[in-house]
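Below you'll find the structure, written out as C-alpha cells, and then a few comments.
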Amino acid sequence: MTAEMNRYNLTLLGFNISFMAEADRERVDEAVALLESRYKKLDDGRQISRERLLIFLALGLADDLLLSNRRQAELEERLGKLVARIEEV
C-alpha cells in the first residue's frame, strides 16, 4: 500500500517552492514554522548573507537530527537490554 502524496506550494524564507510529500498539511506547517523560527534567531541583524544563514540553518538541523538518531540508538540499546533481562526471569 502506497501512501498518498500531497502537493504543496509555499513561500518559505522568501522562496516560492512547490513539492510533493506524504506529509499532511499540519506536519508541513510545523516544519515551516520551525524553519522560520530558527532562521529568525540566526538573522539577528548581523551582516551575513542569506546563503550563509541558510547553511547555518541546515547545519543546525543536521546536528539536531544526528543527536536525535544517537539518542534513539541508545534508547533502543537500553530497551534491548531490559527485554533480555525480563526474558531471563
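The values are calculated or read from the model by the stated rules, or taken from the named source; none is laboratory data. Everything numeric in this text was worked out from a predicted model, so none of it was measured. Counting neighbours? That spans all protein chains shown, and the Cβs are built from the backbone with ideal geometry, glycine included. Each accessible area value is taken on the protein alone, full model and side chains, heavy atoms only, with ligands, DNA and RNA left out. Shrake-Rupley method; radii C 1.70, N 1.55, O 1.52, S 1.80 Å.
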remark   = Reported set for region 39-76 where residues are modelled with pLDDT of 95 or more, of a type outside the set (A, V, I, L, M, F, W, C) and in contact with a helix residue (DSSP H, G or I) (Cβ under 9 Å, 6 or more places away or on another chain) is 60
inquiry  = Contact list please: Cβ distance under 7 Å, first residue in region 34-45 and over 11 Å from residue 61 (Cα atoms) and in contact (Cβ under 8 Å) with a residue 12 or more places away in the chain, second residue part of a helix (DSSP H, G or I) and open to solvent by 70 Å² or more (accessible area, probe 1.4 Å), pairs at least six apart or on different chains.
reply    = 42/56
inquiry  = Being open to solvent by 60 Å² or more (accessible area, probe 1.4 Å), under 15 Å from the mean Cα position of the chain (by Cα) and closer than 30 Å to residue 13 by Cα: is that true of residue 54 here?
reply    = no
